[in-house]
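Here the structure is laid out as structure tokens; the discussion comes afterwards.
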Amino acid sequence: MTTTVDAIAARQRLVDDRHYRYRGCAPDPDTPGMSAGDPDVPLDAWGPYTGDGAEAQKTRLDREKTALQICGRCPVLALCRTYANTTTVEVDANGRQVEHLVEPEGVMGGQKALARHKALIERKHVEAATAVAPVRDLADARTPQKVAVLLALAAEVADVRVAHRAGMDLRTCNWHRSALCSLLDLDKETATRDELLTVAVLRGLLPSAAGVVWDGLWPVAAAPTTDGVRQRRIAPDMPLTALIPRPRTRRRKPPATDTRLRVRYVAVPLFPVALVAPAPTRALEPAA
């Protein structure tokens with residue numbers, strides 16, 4: 001099924017214009033197959049190449065250049081360009097709507113087919129950027145595991161320490177962190193730790209008073225990389241030691257620098273003294 005309401009209306013406005021019959025790509029009344037804008041230019045200059053084999057690049061460029069020159073002085077250039085950039089919406093077998101240009105080939109409205117396709121792609125990007133993202137149900141983001149990962153991520157920087165604080169292994173922790181990015185509409189490859197925690201606070205997954213440990217000036221992605229080699233994307237100028245905090249160690253007292261033997265001196269007399277046993281005392285006898 002194809003919807004062409006806008007294309008039909010744009011085409012009708014072009015055809016109903018009073019200068020439409022004076023357009024440059026109209027057939028010349030005296031020379032069929034040649035253009036009214038220049039009797040030396042065939043009508044095939046505006047259409048896609050349909051000859052056998054490949055068209056030479058120089059021939060194609062010359063043909064398109066001549067057609068663009070005639071389009072530049074066409075009285076219905078603006079209406080023709082509007083119609084050429086109109087799109088149709090086709091529903092494919094899977095039920096998806098696919099948007100196509102109504103005039104996907106040839107030169108029309110003073111534009112090549114490639115220029116019109118680029119303009120369509122740019123319009124789609126602008127519409128996707130300005131579209132309001134639907135509010136998702138965050139019930140899956142409020143599971144105990146994901147809340148534990150958010151609380152641990154707010155308190156720690158290194159992946160290993162985040163997983164340890166959350167009470168799970170590193171791979172499981174990274175999986176929950178990647179799922180949180182998807183649930184909060186963040187890009188898994190470019191989302192930073194600060195962005196993930198900020199959105200989590202705004203969406204009510206973390207309390208506003210939750211203290212977030214500052215991780216420095218380097219952007220560190222909140223999701224694992226696709227190659228699986230590094231679990232977090234590291235900036236080119238970021239030292240690896242900045243991710244892992246240094247453990248605190250007790251300072252020990254330095255050993256004594258004086259290694260001389262300490263001798264305890266005892267006072268010794270200069271001359272040896274003979275030890276003489278004391279003489280026994282005699283009791284005085286009374287006089288007769």
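The values are calculated or read from the model by the stated rules, or taken from the named source; none is laboratory data. Note that the structure is a prediction, hence the values are computed from the model and not measured. Here the Cβ is made from the backbone with ideal geometry for all residues, glycine too, and neighbour counts use every protein chain on show.
What to note about this one:
- Of all the listed residues (GLU103, GLU90), the sole one being among the charged types (D, E, K, R), modelled with pLDDT under 95 and either outside any loop (DSSP other than H, G, I, E, B) or in contact with a strand residue (DSSP E or B) (Cβ under 8 Å, 6 or more places away or on another chain) (or both) is GLU90.
- Qualifying residues in region 183-204 (those that are farther than 13 Å from LEU150 by Cβ and of a type in the set (Val, Ile, Thr)) - the one surrounded by the fewest Cβ atoms within 10 Å (Cβ to Cβ): THR190
Per-residue answers, yes or no, for (1) acidic (Asp, Glu); (2) under 45 Å from the mean Cα position of the chain (by Cα); (3) over 30 Å from ARG96 (Cα atoms); (4) outside any helix (DSSP H, G or I):
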site	(1), (2), (3), (4)
ALA7	no, yes, no, no
GLN12	no, yes, no, no
VAL15	no, no, yes, no
ARG18	no, no, yes, yes
ARG21	no, no, yes, no
CYS25	no, no, yes, yes
ASP30	yes, no, yes, yes
ASP40	yes, no, yes, yes
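- Just one of the listed residues (ASP215, ASP137, ASP159) is surrounded by fewer than 17 Cβ atoms within 10 Å (Cβ to Cβ) and modelled with pLDDT of 50 or more, namely ASP137.
- Any hit, region 94-107, residues being surrounded by fewer than 15 Cβ atoms within 10 Å (Cβ to Cβ), among the aliphatic types (A, V, I, L, M), assigned by TED's automatic domain parsing to the domain that holds LEU43 and more than 29 Å from the chain's Cα centre (by Cα): no
- Identity of the residue in region 3-60, among the β-branched types (Val, Ile, Thr) and surrounded by 11 or more Cβ atoms within 10 Å (Cβ to Cβ), that ends up modelled with the lowest pLDDT: THR3
- All of ALA84, ALA113 fail the test of being modelled with pLDDT of 90 or more and either acidic (Asp, Glu) or touching a helix residue (DSSP H, G or I) at 6+ places or on another chain (Cβ under 8 Å) (or both), apart from ALA84.
- The lone criterion from (1) under 30 Å from VAL212 (Cβ atoms); (2) outside any helix (DSSP H, G or I) left unmet by VAL162 is number (2).
- Residue match in region 78-89 (condition: more than 21 Å from ALA9 (Cα to Cα) and touching a residue at least 40 places away in the same chain (Cβ under 8 Å)): no
- Flag if GLU90 is of a type outside the set (Phe, Trp, Tyr), assigned by TED's automatic domain parsing to the domain that holds ALA10 and in contact with a helix residue (DSSP H, G or I) (Cβ under 9 Å, 6 or more places away or on another chain): no
- Hey, GLY72 at positive phi and not acidic (Asp, Glu) or not: no
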